[in-house]
Amino acid sequence: MNRILLMIGSVAGFAAMAAGDTMPAYWKFAPAPPMGWNSYDAFGDSVTEDEILANARYQKEHLLAHGWNYVIVDYRWYDPGAFNNNPNSRTNAELSADNFGRLLPAPNRFPSAADGKGFKPLADQVHAMGLKFGIHVMRGIPRQAVKANTPIEGSDFKAADVANTNNKCGWCPDMFGVDAAKPAGQAWYDSIVRLYAEWGVDFIKVDDLSSPYAEKEIEAIRNAIDKCGRAIVFSTSPGETPVSKGDHVQAHANMWRISGDFWDDWKSLDHNFDLLAAWRGHAGPGHWPDADMIPLGHIGKRSVGGNRTTRFTKDEQITMMTLWVLAPSPLMLGMNMPQNDEWTLSLLTNDEVVAVNQDALGSQGIRISQTNGLEVWAKNLSGGAKAVGLFNRGSVAQFDDSRAAFKSPLITRKTPGHSVEIDVDITGAKKLFLVVDEGGDNFVCDHADWIEPRLIGPQGEQKLTALKWVSATCGWKEIAVGKSVSGNELIVDGKTCADGLGTHSPSVIEYDLPAGCTRFKALGGLDHGGVSQKMAGATVHFLVFTNDPRKTEEGATISVPLQSLGLAGPCRVRDLWKRKDLESATDSFSQSVPPHGAILLRLRPESVR
């Protein structure tokens, strides 16, 4: 067990940024970070009305009393044929829409929306449960509306007046950007937000706004919400939102994504520590940096990474929740809630932990120290207490590459052939582990292929794909044999191959080796499915191991002087996850924190009642 004393400098300035004399009216829509459930992590682009209602009923029964009150329908609810969370395969799909080009829920998936009723009947059912209702929309105007040149409701404009046809989303084929500097662009956003207000929408998450940052369209959406007559929380997505735009985004949105799509792998969670720390000074009542949805419980039913229970360990789940409540970030659940187990439910119904996130003061959590992967964060609470998080981030590296039999250089779009030849001596090995690690840009576009993987042994060459793996993990969807991870042909640098393994970083495939194998050979390459996307990313390392590559790390003891938190002892100390009072602290306190784990404490000076 490591023991490290963190001598932390004084934090006399450690206080939440107070709101100015003039507070935007819309800040009142989200005085605390919104809490609820979003359909994307479990159902991708193909959620149905029945699934929405099943999750809403669970939320009403188990979570509403603990503050979880939003139900959000995410992503492409207007596509009748959505099925595999790969919208580019639905290019030129006929989308459900009204005569003004405004998208409507697909009636085959949302039967109550038939006859042009839209989401109002579903919103009414959600509201009747005491919950709030929200939807996801894409930035811009539908391409099919521009093609048909539909009129813009409430104006003399037509769709052709609105669209910027040179402005397209790199990963969704549905929309053109809007020239928001023109009156026609504002009229379009006014028309769709009016429709959402008529449906009873309480929350809109607008995608493709933040990276690159669409300043004028954000302003147009803000204006449209302000004119619609309904209190609608405005969320921008995805990230990373530029910190340089912090003043602008907090002046227009209630929450904004600080990260790309966040999933259940340690590297993403580790990265979010630094992303959240960068937003110091920008959180407060009504305006919240958003660390993204919470991938706990059962996720991926028809979404990213395949049908699974979260890959986070229990310690990592506690770390994520502790960081999110301290930040404080909005808390949007991504699981299929009816499949929750008791452990997952216990994380979500710990009212003392939730109270840190929802504290009326609205103070932002601040990173107080950072030493060798050990961190202390603190957040002022109303009534004179402080919430303190102790984190053991451990090593950033997910794999111990010092034990690799082979590690490729960084493979990117600029690498000749987008690939590397792999030829490894595995004499005497009983195990083979094929690893794809992302290259450090934290971008989820790392489609990678093991082309013609084969073993050399006493019987000559043997196709590795003829063997069954012992275990396999994949950062997006599921590992495929003979196909890419997206289900298409294996294509590297324009060349198609029938034999191979399609995967996505971070990925580990484990095999038991036949006796006598002496070499492993393959071509490791970026798959066309990632390289073809018109955005940055697709950076990986290919690694080969003959023993388990996953790191094991020790716990550590973190000692914190009270003075460093601006406190004078004695202080009452309570462990909020364990719901247990600890010994009072006079000058300092110490706690042992497991690898990738966290402890959340509340400290209250005994002089404060």
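Some values worked out for this structure:
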item	result
Filter result (modelled with pLDDT of 95 or more, hydrophobic (A, V, I, L, M, F, W, C) and either assigned to a loop (DSSP other than H, G, I, E, B) or touching a Gly at 6+ places or on another chain (Cβ under 7 Å) (or both)) within region 263-281	TRP279
Looking only at region 384-403, and only at residues there that are touching a Pro at 6+ places or on another chain (Cβ under 7 Å) and not charged (D, E, K, R), the one that is modelled with the lowest pLDDT	GLN398
Region 242-278, residues that are β-branched (Val, Ile, Thr) and over 13 Å from the mean Cα position of the chain (by Cα)	VAL243, VAL249
Residues that are touching a Leu at 6+ places or on another chain (Cβ under 7 Å) and either charged (D, E, K, R) or within 28 Å of THR309 (Cβ to Cβ) (or both), drawn from region 462-479	LEU464, THR465, ILE479
Tally of residues being hydroxyl-bearing (Ser, Thr, Tyr) and either buried (at least 23 other Cβ atoms within 10 Å of the Cβ) or not in a helix (DSSP H, G or I) (or both) across region 322-346	2
Unique match (being hydrophobic (A, V, I, L, M, F, W, C), in contact with a strand residue (DSSP E or B) (Cβ under 9 Å, 6 or more places away or on another chain), modelled with pLDDT of 95 or more and not assigned by TED's automatic domain parsing to the domain that holds CYS445) among ALA128, ALA197, ALA187, ALA159	ALA159
Conditions (1) more than 24 Å from THR313 (Cα to Cα); (2) outside the structural domain of ASP446 (by TED's automatic domain parsing): number failed by GLY537	(2)
Those residues of region 575-609 which are closer than 18 Å to THR322 by Cβ and free of Cβ contacts under 8 Å to residues at least 40 places away in the same chain, in sequence order	ASP575, LYS578, LYS580, LEU582, PHE589, SER590
Selection from region 502-547 of residues that are among the aromatic types (Phe, Trp, Tyr) and within 18 Å of CYS474 (Cβ to Cβ)	TYR511, PHE542, PHE545
Any hit, region 215-232, residues being surrounded by 21 or more Cβ atoms within 10 Å (Cβ to Cβ), under 19 Å from ALA187 (Cα atoms), acidic (Asp, Glu) and in contact (Cβ under 8 Å) with a residue 12 or more places away in the chain	yes
Residue match in region 566-574 (condition: of a type in the set (Lys, Arg), without any contact (Cβ under 8 Å) to a residue 60 or more places away in the chain and over 30 Å from VAL304 (Cβ atoms))	yes
Considering residues of region 28-51 that are of a type in the set (A, V, I, L, M, F, W, C) and in contact with a strand residue (DSSP E or B) (Cβ under 6 Å, 6 or more places away or on another chain) only, the residue surrounded by the most Cβ atoms within 10 Å (Cβ to Cβ)	TRP37
Selection status of ASN372, surrounded by fewer than 21 Cβ atoms within 10 Å (Cβ to Cβ) and modelled with pLDDT under 95	yes
Pair list, Cβ under 7 Å, 6 or more apart: region 323-345 residue in the same structural domain as GLY36 (by TED's automatic domain parsing), other residue at pLDDT below 95 and not β-branched (Val, Ile, Thr)	ASN336/LYS301
Residue selected from region 430-455 under the condition touching a helix residue (DSSP H, G or I) at 6+ places or on another chain (Cβ under 8 Å) and part of a loop (DSSP other than H, G, I, E, B), by the criterion surrounded by the most Cβ atoms within 10 Å (Cβ to Cβ)	ASP446
Any hit, region 303-321, residues being in a strand (DSSP E or B) and either outside the structural domain of ASP274 (by TED's automatic domain parsing) or at negative phi (or both)	yes
Residue match in region 378-400 (condition: on the phi < 0 side of the Ramachandran plot, of a type in the set (D, E, K, R) and either out of contact with any helix residue (DSSP H, G or I) (no Cβ under 8 Å at 6 or more places or on another chain) or surrounded by fewer than 17 Cβ atoms within 10 Å (Cβ to Cβ) (or both))	yes
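The values are calculated or read from the model by the stated rules, or taken from the named source; none is laboratory data. Being a predicted model, the structure only gives us computed values, none of them experimental. Positions of Cβ are backbone-derived with ideal geometry, glycine not excepted, and every protein chain shown enters the neighbour counts.
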